1. Considering only residues that are buried (at least 23 other Cβ atoms within 10 Å of the Cβ) and assigned to a strand (DSSP E or B), which ones fall in the stretch 332-375?
2. Could you name every one of the strands (runs of 3 or more DSSP E) located completely within the stretch 416-474 that has at least 2 residues being β-branched (V, I, T)?
3. Could you tell me which numbered condition I410 fails, if it satisfies all but one of (1) free of Cβ contacts under 8 Å to residues at least 24 places away in the same chain; (2) of a type outside the set (D, E, K, R); (3) part of a helix (DSSP H, G or I)?
4. Of the numbered conditions (1) more than 25 Å from K380 (Cα to Cα); (2) touching a His at 6+ places or on another chain (Cβ under 7 Å), D301 fails exactly one; give the number of that condition.
5. Look through D375, D391 and report the one residue that is modelled with pLDDT of 95 or more, within 23 Å of D459 (Cα to Cα) and of a type in the set (D, E, K, R).
6. Small (G, A, S), within 30 Å of G370 (Cα to Cα) and assigned by TED's automatic domain parsing to the domain that holds G339 - does that describe any residue in the stretch 282-297?
7. How many of the residues making up the stretch 90-113 are assigned to a loop (DSSP other than H, G, I, E, B) and either in the same structural domain as L369 (by TED's automatic domain parsing) or buried (at least 19 other Cβ atoms within 10 Å of the Cβ) (or both)?
8. Just the residues that are aliphatic (A, V, I, L, M), within 25 Å of S202 (Cβ to Cβ) and surrounded by 15 or more Cβ atoms within 10 Å (Cβ to Cβ), please, taken from the stretch 251-297.
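The values are calculated or read from the model by the stated rules, or taken from the named source; none is laboratory data. From a predicted model like this one, the values you see are computed outputs, not experimental measurements. Cβ: placed from backbone, ideal geometry, glycine included. Neighbour counts: every protein chain shown.
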Amino acid sequence: MKAKTKNVKTAKATTSRKAAAASAKKAKAASKKATAKKTASAKAKKAKPASVKKTKAATVKKAKKSTIKRAATVKKAAAPKIMMDVSPEEIFVPTYKRGGAPFVRGGGMYIYDSDGKEYLDFGAGIAVNALGHAHPALIKELNAQGRRVIHTSNLYYNEPQIELAAKLVKHSFATKVFLCNSGTEANEAAIKFARKRGTKASSQKFHVLSFSDGFHGRTYGALSATAQPKFHVGIGPLPDGFHYAPFNDIQYAKATLDNHDFAAIIVEPLQGEGGINAASVEFLRFLREYATEHAISLIFDEIQCGMGRTGTLWCHEQSGVTPDIMTLAKPLGGGLPLGAVLCIDDVASCISPGDHGTTFGGNPVACALGSKVIDIVSDKKLLTKVQENGDYLKGKLTTLADKFPSVDHIRGTGLIIGVRMKDDPLKLVDECRNKGLLVIKAGMNTIRFMPPLIVGRKDIDKAVKIFESALSAN
């Protein structure tokens, strides 16, 4: 009986162990299956289909683009808002009569105001932007030099000014260069240099001759050489020793020169501010011969008409007459303040350290841009284009002169063209601006067309079309 009971217990235990083993095996299999399923799910999640990837990427890109667009919109809207906090008329000395929305950016032949309006620029910042707005070569040079050195003063040399001076000597009659900041500073220096040279020969050899309708600057020496009484009102007395003669009048000039001991004759080969008036070859030859005979420094002011503007690098090249001193500015710095005096050894040898100077003149950044400008505008292909496009522009404007009685005649050469009107053209200049064309008023009821030297035929056609529309509206 006991043996039977023992056998029954043993059989039950064996059955129980088998059941437990089967249950464990089943649980292990279930666990393994669950793990495999989880791993497969993770892999599937990690490796999404290409379509899903593209959809997500497109969504992200769209979101980024939207963010950038919104940021740009905010930035664009913010600029006028800041400027509107105060009226410009309230904070600036009223030396200029100006109005309209301020300009905020430019590119090539065009400039844009803070309202987003586009203007075709045929004034080039008064003949400054010879290469248009934001020229890639100038932007590259500006950034590169800005990272190196921005200012050193003239107590030391800097590499860009040496490079620029060397190029100016290479491309001109000059052997020496003085660098400054503007046209009026260049003319001040030129007059001082000429007087230093003159007074070394005689204490009375300090007189300066200039000509009617010329413009040489706003500082006292340059202004005294500007033979336009309207610029002298209320600021006298002017310095002594300045004399005037009618432009292109050889007999009057000779009579004046014979009356005093002159140190300098200063003249624009082509007058800009005065109304686009060209000096005759005979007139310039007379001045050269008289100056040579009497040891007078002949100064050519090419601040507006130089640097390729007339289709040759220097305007005086077209006459075959060479000066002793030439002054430059406007386009020289590529939009930054930069002027230069180029002269021969006989002039430079009369100057000693301390006779003249400038803190900012020959600034490294301005000179770096100036060096690049010289490289580009001295290219013969560009100069030929300036001549060709200048003739094209002049021809188009001459056609309008034949059509509209309000136009008197067209004058100028290269890309410095004057439209002489029969009446004050100020309203016409304003109408052009309203229609998206920038041109500039000059003396003698003249409108100046001075586009960047990179102008194309399509730009000229568009400008003339706008100008014709403005003439029709007046």
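1. Those that are buried (at least 23 other Cβ atoms within 10 Å of the Cβ) and assigned to a strand (DSSP E or B): G334, G339, A340, V341, L342, C343.
2. The qualifying strands (runs of 3 or more DSSP E) are 416-421, 446-449.
3. (3)
4. (1)
5. Result of the check over D375, D391: D391.
6. First, pick out the residues of the stretch 282-297 that are small (G, A, S): 291, 295, 297.
Next, from what is left, pick out any that are within 30 Å of G370 (Cα to Cα): 297.
So of that shortlist, the ones also assigned by TED's automatic domain parsing to the domain that holds G339 come out as 297.
Yes, the conditions are met somewhere in the stretch 282-297.
7. Within the stretch 90-113, residues that are assigned to a loop (DSSP other than H, G, I, E, B) and either in the same structural domain as L369 (by TED's automatic domain parsing) or buried (at least 19 other Cβ atoms within 10 Å of the Cβ) (or both) number 1.
8. Those that are aliphatic (A, V, I, L, M), within 25 Å of S202 (Cβ to Cβ) and surrounded by 15 or more Cβ atoms within 10 Å (Cβ to Cβ): A253, L257, A263, A264, I265, I266, V267, L287, A291, A295, I296.
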